[in-house]
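Worksheet for the structure shown next.
The values are calculated or read from the model by the stated rules, or taken from the named source; none is laboratory data. This one's a predicted model, so the numbers in the text were calculated from it and none came from an experiment. Counting neighbours? That spans all protein chains shown, and the Cβs are built from the backbone with ideal geometry, glycine included. Ligands, DNA and RNA are stripped out before the accessible areas are found, and what is left, the full protein with its side chains, is counted by its heavy atoms. Shrake-Rupley method; radii C 1.70, N 1.55, O 1.52, S 1.80 Å.
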Amino acid sequence: MSYLEDKNRKTSNLYCEIYYNNILISKGIVLDFYKEFENIVDFFGNISTHILTFEWQDKLYTKNTYFGQKIFEIKNFINPPLDLKKRKNYLDEITSIFDFYVKNLIQNSITPIVSYIPSSSKIPDDIAYQIANILSIKK
C-alpha cells in the first residue's frame with residue numbers, strides 16, 4: 001500500500017482509492033476516528049468527508065472524538081505514563097465497539113475486508129489482535 005498526495009487538494013476530504021496491479025478495486029473514505037468529522041453532500045449527490053475544525057487565537061484546531069481522546073492519552077501520556085489498567089480498559093472499550101461492527105460485516109458480506117493503518121504506537125495492532133482473538137479471525 002502506498003500513499004499518493006494530491007497536491008491540488010483544497011479540502012480536508014479523507015477520500016481514498018485502492019488499486020491492485022494498477023486496477024481500481026475499491027473506493028471509499030478513511031474513517032479517522034481520532035478526529036470529529038462530517039459528511040457533506042454536494043449538489044450532484046457526491047459525498048465528501050471533512051474534519052471539523054475551529055479557530056482560536058488565529059490557529060486552526062481539530063477536536064478529538066471520544067475514542068480519539070482515549071487513543072491520544074494512550075499514545076501521548078508518557079511522563080507520567082498512562083496507568084496500565086486504564087490503558088487496558090480503553091483498548092477493551094474500543095475493541096468491544098469494533099467487535100460489533102466486524103461481526104456485522106462478517107454476517108452481511110460475502111468477503112468482508114477490514115484493514116487498518118499500522119502505527120509506531122502499536123495501538124491499531126493491539127486493537128486488531130484483540131478483535132481477531134475474540135472472533136477467531138485469521139490474522
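Going through (1) of a type outside the set (G, A, S); (2) part of a strand (DSSP E or B); (3) modelled with pLDDT under 80; (4) open to solvent by 80 Å² or more (accessible area, probe 1.4 Å) one by one, K7 falls short only on (2). If you go through the stretch 77-84 one residue at a time, do you hit one that is under 15 Å from the mean Cα position of the chain (by Cα) and over 16 Å from D126 (Cβ atoms)? No, there is no match, as no residue in the stretch 77-84 is under 15 Å from the mean Cα position of the chain (by Cα) and over 16 Å from D126 (Cβ atoms).
Residue by residue, here is whether (1) of a type in the set (K, R); (2) within 20 Å of I18 (Cβ to Cβ); (3) at pLDDT below 75 holds:
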position: L31; (1), (2), (3): no, yes, yes
position: S48; (1), (2), (3): no, yes, yes
position: I78; (1), (2), (3): no, no, no
position: R87; (1), (2), (3): yes, no, no
position: Q107; (1), (2), (3): no, no, no
position: K122; (1), (2), (3): yes, no, no
position: L135; (1), (2), (3): no, no, yes
